[in-house]
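The next block holds one structure in the form of structure tokens; read it before the comments.
The values are calculated or read from the model by the stated rules, or taken from the named source; none is laboratory data. Quick caveat, the model's predicted, so the values are computed rather than measured. A quick note on method: Cβ atoms are made from the backbone with ideal geometry, for glycine too, and the neighbour counts reach across all protein chains shown. Please note that ligands, DNA and RNA were not included when accessible areas were found on the heavy atoms of the full protein model with its side chains. Shrake-Rupley method; radii C 1.70, N 1.55, O 1.52, S 1.80 Å.
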Amino acid sequence: MTNPVLIEVLRGSIVESAHRGAVCVADADGGIVWETGDTERPVFPRSAVKAIQALPLVESGAADAYGFGQRELALACASHSGEAAHAELARAMLAKAGLDESALECGTQWPTNRAAADMLTRGGAKPCALHNNCSGKHSGFLCTCVHAGFDHHGYVGADHPEQEMVRSAMETVTEASHGPENRGTDGCSIPTYAVPLRNLARGFARMVSGNGLGPQRAKAAERLLKACMAEPFLVSGTGRADIALMEAAPGRIFAKTGAEGVYCAALPELGYGIALKCDDGATRASEAMIAAVLARMLAGDEGVAATLNTLANPVFSNWNGIDVASLRPTTAMHSEG
């Protein structure tokens, strides 16, 4: 099927561009609350599922063995901006396991935060793997390896024990197959698996409610999502959408972006999980989509819904500070589904 247009780009009163996509909202029992578009088509969730990938860090006992609190757990689920606080916390996590940045296999990346990148440049420094947006996740992987007694070298490989643990967690939570036939390689070099949005939404409903998970996994999931909601800056960074969404209703919204227009979210008070994909991979559109969906689900709280609707309808200015364009959700985002 052809997915509906969910976000329009306006210049003046004229639609200049349009973004198609699909959205699924599932409840704690796995039932579909609302959806639009083809939610059964497999998509790569990319970084949107980092909270699920972090389950072995907690379940193995590594997080407790190294004294990790909410800050470290949030960073293990992050796609951060490479700001100093992010890089230094990743460094500290590795040190707890007797490692340093040379153990990271995510690759070197300039901070995506402009100020952080400028600071490195002015100081005559170069970026390292700690500045990679996935360094927190990889630090969590490495700490799990050391605690479990695995040789951490090559931990990004699909056949490494660490990635087998991650894959098992993903399969159990999403109830979707994760095998060679639907495997690709993520930007940070670990495997990523294409699964339907319905499975991802149901998976995050399980993460936030504990339904369908064993007691240990349910407790680990709760710790990770609470950590992210308590420390949204560490999950994302200055001016990022994740932090804006979670700060719109502190402790009530978990939201995590992924590359190529993917977003996953969860609402603890409702036990809902949410997953969406913008077909053309545009982040600007996926951010507006998730804000609109969250506003719809939390419509009973007018203040929160108003804040989220503002995020769903951003206005863009040119270099002279003149408002020149805007995004708006289409009627498909408000349909009965």
field: Relative contact order for the chain, counting Cα pairs under 8 Å that sit 6 or more residues apart, in percent
entry: 24
task: Assign unit charges at the C-beta atoms only (+1 for Lys and Arg, -1 for Asp and Glu), then state the dipole size of the stretch 118-273 relative to its Cα centre in Debye, rounded to the nearest 20.
output: 340
query: Arranged from highest to lowest average of other beta-carbon atoms within 10 Å per residue, in what order do the peptides 113-122, 23-32, 42-51 appear?
result: 42-51, 23-32, 113-122
query: How far apart, in nm, are two points set 7 Å out from the Cα along the Cα-to-Cβ line at Val315 and at Arg122?
result: 3.1
statement: Relative contact order of the stretch 286-337 (C-alpha contacts under 8 Å, at least 6 apart) in percent is 35
- prompt: Going highest first, how would you order 140-152, 309-321 by mean Cβ packing within 10 Å?
  reply: 140-152, 309-321
query: How much of the accessible area of the stretch 1-117, in percent, comes from carbon and sulfur atoms when a 1.4 Å probe is used?
result: 49
statement: Heavy-atom accessible area of the stretch 155-305 with neighbours in place, 1.4 angstrom probe: carbon+sulfur share in percent works out to 46
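Per residue, what accessible area does the chain have, given a 1.4 Å probe and all protein chains present, in Å²?
Value returned for the chain: 40 Å² of accessible area per residue.
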- prompt: Reported to two decimal places, what Rg/Rh ratio describes the chain when computed on Cα atoms with Rh from the Kirkwood expression?
  reply: 0.96
message: If I stretch the segment between Ser17 and Ala95 completely, what's the gain in nm (0.36 nm per residue apart, minus their alpha carbon distance), one decimal?
response: 23.3 nm
statement: Here FRET efficiency (C-beta to C-beta, Ser326 to Ser177, R₀ 51 Å, nearest 0.05) is 0.80
